[in-house]
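Taking it in order: structure first as structure tokens, then the write-up.
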Amino acid sequence: MDPLTQAIGRSPELLPLALDPSTDQVTWVRLSEAAYAQASFLDERVLADRAVPRRSVPWRSLNEAAEQLPPDNASYIFHIGHVGSTLLSRLLGQHPAVFSLREPAILRTFAEIGCNPASSCWSESEFERRLGAVLKLLSRTFRPDQQALIKATSFVSELAVRILRRPSAPKVIFMFVPAEIYLASILGAPNSPAEAKALAPSRLDRLHRRIGQERWKLSDLSPGEIVAMSWATEMSTLAAAAAAGTNRVLWLNFERLLDDSAASLSCIFNHLEIEALPNDIDALLAGREMRRYSKAPEYAYDANLRRAVLEQGRREHSAEIDRGHAWLQEASAEFSDIPKQVDNA
């Protein structure tokens, strides 16, 4: 076994950052435990630090390393986007038994290929074999008493059903907010509407695959309807995956986490089978995570600012919120795969 393969198997210090399917090359980067804790996204943004060592090697090196590892045993956070998943990942990652990984880019590649099997150069069995190898590598921890907790990018939820069906029987958390709050938060935030518009084509394609027909044209949808469609796509993806996980899925409304943080964290730790005493949870909540913007911790952000964003969205975009509600009501009445939840319950 070559030295690189040996090093990969020892710890998560070497991260498979990206896979280029056209060349079958994997880019590896070297990250310390502190660098993992700091990173909001395990993607090309970690390469902004030119001091981060990196190397590209053929896929077979990753596969050889994975073959030497025990079965994957990570837990997961899947979510619909902009619902506090990064905050939860950071909070849980403060516990010594949790090793948090946020948005590994290599899983995005697998989600994109999985959504377009016709253009894939892999067979279904090869896809599953490669995904299994990656999940084994992402399950590595720095210490034996740690559990890896992978917070995925929102559209990586397309992989949730595959992951839930794996022999490792992972525990997962599905994070969401009701449609009304999602509409207000996306429309009220400065950059979120543009992001929703950019993601809309792929989300509409995914929703059309879910319902089995091309029902809507993106050009016909208003901004509020685009946000409503986004909520419907991501919620229907989670709902479809939940059937594969039964009691291994914990649904978490972000509003409940904010309203009763201690009880919510206690429930989450119980679900993940990690011991956390009330004093431990109090210490997590007293830290800086609850007062900073989780994706960019240099900025202040808390529940009060979030409420202000929601109120601004409701006040300034009430007409588009109403359009979004109407679209969801009609769509859910027509298609059983689209959730009917549009209120604040």
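Of note:
- For beta carbons closer than 9 Å, sequence separation of 6+ or different chains, a first residue in the range 317-330 that is touching a residue at least 12 places away in the same chain (Cβ under 8 Å) and a second that is among the hydroxyl-bearing types (Ser, Thr, Tyr) and assigned to a helix (DSSP H, G or I), the qualifying pairs are 324/182.
- Any hit, the range 225-248, residues being at pLDDT 95 or above, charged (D, E, K, R) and closer than 29 Å to residue 330 by Cα: yes
- Each residue in the range 87-104 was checked for being modelled with pLDDT of 95 or more, part of a helix (DSSP H, G or I) and closer than 24 Å to residue 199 by Cα, and 2 of them qualify.
- The set of residues from the range 140-160 being among the small types (Gly, Ala, Ser) and outside any helix (DSSP H, G or I) comprises 148, 152.
- Exactly one residue out of 62, 15, 107, 42 is surrounded by 22 or more Cβ atoms within 10 Å (Cβ to Cβ), assigned to a helix (DSSP H, G or I) and modelled with pLDDT of 90 or more: that is 107.
- For residue 256, the criteria (1) surrounded by fewer than 18 Cβ atoms within 10 Å (Cβ to Cβ); (2) under 17 Å from residue 84 (Cβ atoms); (3) out of contact with any Ser or Thr (no Cβ under 8 Å at 6 or more places or on another chain) hold in every case but one, which is (3).
- With respect to the stated conditions, residue 303 fails to be under 29 Å from residue 111 (Cα atoms) and either at pLDDT 95 or above or in contact with a helix residue (DSSP H, G or I) (Cβ under 7 Å, 6 or more places away or on another chain) (or both).
- Restricted to the range 86-119, and to residues there that are small (Gly, Ala, Ser) and free of Cβ contacts under 8 Å to residues at least 40 places away in the same chain, the residue that is nearest to residue 12 (Cα to Cα) is 119.
- The set of residues in the range 15-55 that are among the polar types (S, T, N, Q), out of contact with any strand residue (DSSP E or B) (no Cβ under 8 Å at 6 or more places or on another chain) and farther than 28 Å from residue 293 by Cα comprises 22, 23.
- Summed over the range 166-195, the residues that are touching a Pro at 6+ places or on another chain (Cβ under 9 Å) and buried (at least 24 other Cβ atoms within 10 Å of the Cβ) give a count of 3.
Table: residues versus (1) over 25 Å from residue 270 (Cβ atoms); (2) aliphatic (A, V, I, L, M).
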{"site": "102", "(1), (2)": "no, no"}
{"site": "105", "(1), (2)": "yes, yes"}
{"site": "109", "(1), (2)": "yes, no"}
{"site": "113", "(1), (2)": "yes, yes"}
{"site": "130", "(1), (2)": "yes, no"}
{"site": "143", "(1), (2)": "no, no"}
{"site": "166", "(1), (2)": "no, no"}
{"site": "183", "(1), (2)": "yes, yes"}
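- Residue ID - nearest to residue 43 (Cα to Cα), chosen from residues in the range 262-309 that are over 22 Å from the mean Cα position of the chain (by Cα) and surrounded by 16 or more Cβ atoms within 10 Å (Cβ to Cβ): 309
- The range 210-237: number of residues that are assigned to a helix (DSSP H, G or I) and surrounded by fewer than 14 Cβ atoms within 10 Å (Cβ to Cβ): 2
The values are calculated or read from the model by the stated rules, or taken from the named source; none is laboratory data. What you are looking at is a predicted structure, and each value in this text was computed from that prediction instead of being measured. With ideal geometry, Cβ positions are generated from the backbone for all residues, glycine too; neighbour counts draw on all protein chains shown.
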